[in-house]
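S.K.: Below are the structure tokens for one structure; questions will follow.
The values are calculated or read from the model by the stated rules, or taken from the named source; none is laboratory data. Since the structure is predicted, the reported quantities are computational estimates derived from the model, not experimental observations. Here the Cβ positions follow ideal geometry from the backbone for every residue, glycine too, while neighbour counts run over all protein chains shown. Heavy atoms of the whole protein, side chains included, go into the accessibility calculation; ligands, DNA and RNA do not. Shrake-Rupley method; radii C 1.70, N 1.55, O 1.52, S 1.80 Å.
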Amino acid sequence: MSCLGNIIWFIFGGLIGGITWCLAGILWCITIIGIPIGLQCFKFASLSFAPFGKDVVYHTTGINFIVNIIWLIVSGIPLAIGHLISAFFLCITIIGIPFAAQSLKLARLALMPFGAEIVYSR
């Protein structure tokens with residue numbers, strides 16, 4: 001079932017969401033200091049392309065908190081707003097509610113992505 005959900009998600013918004021994560025990753029990789037942050041963006045772009053069947057587990061450390069604050073100021077807010085707008089429009093129909101839940105998962109990830117780990121759900 002998650003395969004079908006991922007195909008529908010990719011057609012109706014996952015492609016655009018994944019591209020925005022990739023663009024953020026490219027912008028971060030322009031600087032040498034931002035390369036680890038850019039690589040994290042590429043990892044989350046793969047989640048944005050196909051979020052069904054995957055969960056996000058958060059681990060908080062002091063360094064992750066500092067990097068998350070920098071991320072939030074530079075890139076996190078626009079990505080989160082995009083995912084929230086997507087979730088709003090997906091909630092209009094009953095069929096779109098599971099897709100809105102995935103979009104909200106990505107919005108939370110867009111706010112604080114460092115210290116997050118993608119795991120496959122069972």
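S.K.: May I ask you to list pairs of residues, at least six apart or on different chains, whose Cβ atoms are under 8 Å apart, with the first in segment 48-59 being among the β-branched types (Val, Ile, Thr) and the second being assigned to a helix (DSSP H, G or I) and open to solvent by less than 30 Å² (accessible area, probe 1.4 Å)?
M.R.: Listed by first residue and then by second, the contacts come to VAL56/LEU47; VAL56/LEU109.
S.K.: Select from segment 8-56 the residues that are closer than 22 Å to ALA101 by Cβ, open to solvent by 90 Å² or more (accessible area, probe 1.4 Å) and of a type in the set (A, V, I, L, M) and list them in ascending order.
M.R.: Residues satisfying the conditions are ILE11, ILE16.
S.K.: Kindly provide the set of residues from segment 57-71 that are surrounded by fewer than 16 Cβ atoms within 10 Å (Cβ to Cβ), farther than 25 Å from ILE7 by Cα and aliphatic (A, V, I, L, M), ordered by number.
M.R.: ILE63, ILE66, ILE69, ILE70
S.K.: Still on this structure, I have one more. When only residues in segment 77-99 that are among the hydrophobic types (A, V, I, L, M, F, W, C), buried (at least 21 other Cβ atoms within 10 Å of the Cβ) and closer than 19 Å to ASN6 by Cβ count, which is farthest from the chain's Cα centre (by Cα)? Walk me through how you get there before you give the answer.
M.R.: Applying the first criterion (among the hydrophobic types (A, V, I, L, M, F, W, C)) to segment 77-99 yields 77, 79-81, 84-85, 87-92, 94-95, 97, 99.
Filter once more, so that each one left must be buried (at least 21 other Cβ atoms within 10 Å of the Cβ): 79, 87, 90, 99.
Within this subset, residues satisfying the condition of being closer than 19 Å to ASN6 by Cβ are 87, 90, 99.
Values: ALA87: 13, LEU90: 16, PHE99: 13 Å.
Among those that are among the hydrophobic types (A, V, I, L, M, F, W, C), buried (at least 21 other Cβ atoms within 10 Å of the Cβ) and closer than 19 Å to ASN6 by Cβ, it is LEU90.
Residues are listed down the side, and each one gets a yes or a no for (1) under 30 Å from ILE33 (Cβ atoms); (2) at pLDDT 90 or above:
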| residue | (1), (2) |
| --- | --- |
| PRO51 | yes, no |
| VAL56 | yes, no |
| HIS59 | yes, no |
| GLY62 | yes, no |
| ILE66 | yes, no |
| THR93 | no, no |
| ALA100 | no, yes |
| ALA107 | yes, yes |
| PHE114 | yes, no |
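S.K.: Of the residues GLY34, GLY82, GLY17, GLY76, only one is closer than 22 Å to TYR120 by Cα and not aliphatic (A, V, I, L, M); which? Give the derivation first.
M.R.: Numbers: GLY34 fails: closer than 22 Å to TYR120 by Cα; GLY82 fails: closer than 22 Å to TYR120 by Cα; GLY76 fails: closer than 22 Å to TYR120 by Cα.
The unique qualifying residue is GLY17.
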